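This report concerns only the one structure given below.
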Amino acid sequence: IIITIRITKFSGIIYFQISRRRNCTNPYISINIQITFKSKLDLMAYKLLEEKGFNPQYEQNTFIIWQGFRPVVPFFTKNKARQVINNNKKLINITYTPDIYFEYQGYKVIIEMKGFTNDVYPIKVKLFRKYIEQLQDSNNYLLFELYTKQQLLTAIQIIEEYGKTRNN
């Protein structure tokens, strides 16, 4: 059995191509996995975590940090035509999707790689931290907000130290 693995990077996308060939006469079996990253910082973090032996998931877990509802109290506001109307539409959920999530030695590790923050991020991160604190297994979470590769390397050391204490 011959297994070849080719990894290429093209504009923030990592392509994994795994080919398997039993005999020279059999055709290749290929599997392609595509991940689109929102920034070079996210791409660097993902690759570094994989190199260190972790199994990161990129933007795959979304948490509902505030449950929406249908209001019953009348709320009057103006519409596009500047007319005053009663707006009792359902208020949608507020969600938070961290950049990277993985599990290590029983810990649920969440890493947010920040280049630039928008005006909503500080509020969402506070709501998310409160959400995690209220979970029954909150002591199994490790949360990181990182800005540089050096901070990520430090975070990896912290994660590995927590994993060692869990094993003892």
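For region 66-113, the set of chymotrypsin sites (Phe, Trp or Tyr not before Pro) satisfying both a DSSP loop assignment and a count of at most 15 other C-beta atoms within 10 Å is given as Phe75.
Restricting to region 29-168, compute how many DSSP beta bridges are antiparallel as a %, nearest 5. Antiparallel bridges make up about 70 percent of those DSSP assigns within region 29-168.
Dimensions of region 41-168 along the principal axes, based on C-alpha atoms and rounded to the nearest Å, stand at 62, 32, 19, largest first.
Measuring from label point to label point, each 7 Å out along Cα→Cβ, what is the Arg129 to Lys89 span in nm? My value for the distance between the label points is 3.2 nm. Applying the criteria of a DSSP loop state and at most 13 other Cβ atoms within 10 Å to the trypsin sites (Lys or Arg not before Pro) of region 55-148 yields Lys80, Arg82, Lys89, Lys90.
For Leu143, the accessible surface of its heavy atoms amounts to roughly 70 Å² (probe 1.4 Å, protein chains only, rounded to the nearest 10). For region 28-109, which GluC sites (Glu not before Pro) pass both filters: DSSP loop (anything but H, G, I, E, B) and at most 16 other C-beta atoms within 10 Å? When the GluC sites (Glu not before Pro) of region 28-109 are filtered for loop state and at most 16 Cβ neighbours within 10 Å, Glu59 remain.
The values are calculated or read from the model by the stated rules, or taken from the named source; none is laboratory data. For clarity, every value in this text was computed on a predicted model and none was experimentally measured. So basically every Cβ, Gly included, is an ideal-geometry build from the backbone, and we count neighbours across all protein chains shown. Side chains included, ligands, DNA and RNA excluded: accessible areas come from the protein's heavy atoms. Shrake-Rupley method; radii C 1.70, N 1.55, O 1.52, S 1.80 Å.
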